[in-house]
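Worksheet for the structure shown next.
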Amino acid sequence: MISFSSLGGSPKGDQNKWRVGNYICKQDKYSGEAIAEYLCSIFLQASNCPVPYIPYRFHGSPNVCKSPSYTPKFSFFSFNIIIEWKLEVGAFEPEGIDSYEKWAKRVWCRLSSKDKVEYVCNLFDEFGVSRKDTLTYLTCMVELDTLVLNIDRHFNNFGVRHNKIKNCYEPMFLFDNGISLCVGRGVFGSLRNMRDTRKVKMQPFSTSLRKNRSCLPEFRFAFNVREFVKLLDSTNIYGKQFLRVSTQFSVLKGRLAIVYKEDINGINIKKYLEENGYWGG
C-alpha cells in the first residue's frame, strides 16, 4: 500500500471560498453553481446513495452554498495529485515518461474508455482500495454526471481519501457538481447543446456522454421522488423562490423525466412533480 504523509489535497477551483465554523462556503462565479450543488445533493439524499457524498446547502443566498469540512477526519488525494506524485518518485521513468504532458500523451490518451477505468482501479489498488469499492464509486460518480450533465469531472474532482480515524484509504466523497445542469452556458456550452446530449463533452473517461457512461457497470440510483419533493419543500423560502425559476431546476426535471421516467417505487416523476407544483416555471 502506498503511504505518503507529505502530500495533502483539497478540492481546487476558482470560486471564492471561505470557512464559517466547520463549514466551507463558496460563491457562484458563473451563476447557478450553488443551485446545481444543492439540487445534486438533495437528489443523492433522495436516492439513498450507496457511496459517501458531500451535502451542500444554501448559505444565506441562492448564489452561495456551504458544505461540512471533511479535513478534520480525512485528507483528499485527487487523481491528479496521485499522478504528479508518481512522476515525482520516478514511477514512469522506465517508460521514459518524466512529465505530466508525456504521461497524458503516451499513457492516458492512448487508452480506451474501459482501459482508463481499469487504470484507475489499478492505481487505487496501490492504496489498498478494492476493485469493487473503486468501481462502485466511479459508477455512482459517472451515473450522476450523466444525469446532471456535469462536464467538469476533471482529475482534481475524484480520487481517494485517507481516513485518519481508521488509518486507511477509501474512495473520495462525491463532490463538486457545480458545473452541471447548464451552469456557465456561454462558457461551457449553450442550453441548446445541453438538451442535445450529442454535443455535450464529458470527462474523465470519454468526451462522449454515451461512452463515458457505458465503460462502467449498469446502475441506476434508487431515486424516491416523494423524498425529493419533501426536501424541496424544506428549502428556505428565499432559496426556493430562485430555485423554482432556475435553468438548473428546469434541466434536472427534464433529465429525470427523460432518463429515469419513474422512481424506485414506480411513480411517474413528471406527473408527481406536476401534482406538487414543481413542474411549471
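Coordinate-derived values only; no laboratory data. Quick caveat, the model's predicted, so the values are computed rather than measured. Cβ: placed from backbone, ideal geometry, glycine included. Neighbour counts: every protein chain shown.
Using a cut-off of 22 Å between Cα atoms, the listed pairs Lys26/Lys164; Lys230/Lys261; Lys116/Lys166; Lys114/Lys201; Lys29/Lys270; Lys29/Lys240 include Lys26/Lys164; Lys116/Lys166; Lys29/Lys270 as exceeding that distance.
Between Ser99 and Asp233, the C-beta separation translates, for a Förster distance of 41 Å, into a calculated FRET efficiency of about 0.20. In straight-distance terms, cross-link reach from Lys86 covers every one of the aspartates and glutamates whose alpha-carbon lies under 16 Å from its own, apart from those fewer than eight places away in the same chain; here that gives Glu95, Asp98, Glu101, Asp125, Glu126. Rg and Dmax of segment 76-189, both derived from C-alpha coordinates alone, stand at 15.2, 44 Å. Per-residue extension of 0.36 nm, minus the Cα-Cα distance of Trp18 and Ala257, leaves a gain of 82.4 nm for this segment. Site pair Val89 and Ser214 shows an inter-label distance of 3.7 nm when each label is modelled 7 Å from Cα along Cα→Cβ. For the pair segment 122-137 and segment 214-281, the centres of their Cα atoms are 31 angstrom apart.
Summary of packing: across the peptides 149-162, 121-134, the per-residue average of other C-beta atoms within 10 Å ranks them, highest first, as 149-162, 121-134. Whole-Hz Karplus values for segment 264-277 come out as 4, 9, x, 7, 5, 5, 4, 4, 5, 5, 4, 4, 9, x Hz, taken residue by residue from phi with 6.51 cos²θ - 1.76 cosθ + 1.60 and θ = phi - 60°; glycine and proline positions read x. At the listed q of 0.15, 0.16 Å⁻¹, the Debye profile of the chain, built from one uniform point per Cα, gives log10 I(q)/I(0) equal to -1.20, -1.35. Averaging the sequence gap over all C-alpha pairs within less than 8 Å and six or more residues apart, then dividing by the number of residues, gives segment 17-275 a relative contact order of 24 percent.
Think of each Lys and Arg Cβ as +1 and each Asp and Glu Cβ as -1; about the Cα centre, that makes the dipole of segment 89-155 roughly 200 debye. A simple charge model with +1 on the Cβ of Lys and Arg, -1 on the Cβ of Asp and Glu and nothing else charged puts the dipole of segment 77-124 at about 240 debye relative to its Cα centre. The residue among Phe76, Ile54, Val64 whose Cα reaches farthest toward the positive pole of the charge dipole of segment 22-142, with charges on the beta-carbon of Lys, Arg, Asp and Glu, is Val64. Its Cα centre serving as origin, the chain has a Cβ charge dipole (Lys and Arg +1, Asp and Glu -1) of approximately 680 debye. Each Cα pair of segment 109-171 feeds into the Kirkwood radius, which the Stokes-Einstein equation turns, at 4 °C and 1.567 mPa s, into a diffusion coefficient of 103 µm²/s. Remark on Ile151: its backbone amide H falls under 5 Å from none of the residues 5 or more positions apart or on other chains, H modelled at 1.01 Å from N.
Among 108-116, 226-234, sorting by the average number of other beta carbon atoms lying within 10 angstrom of each residue, highest first, gives 226-234, 108-116.
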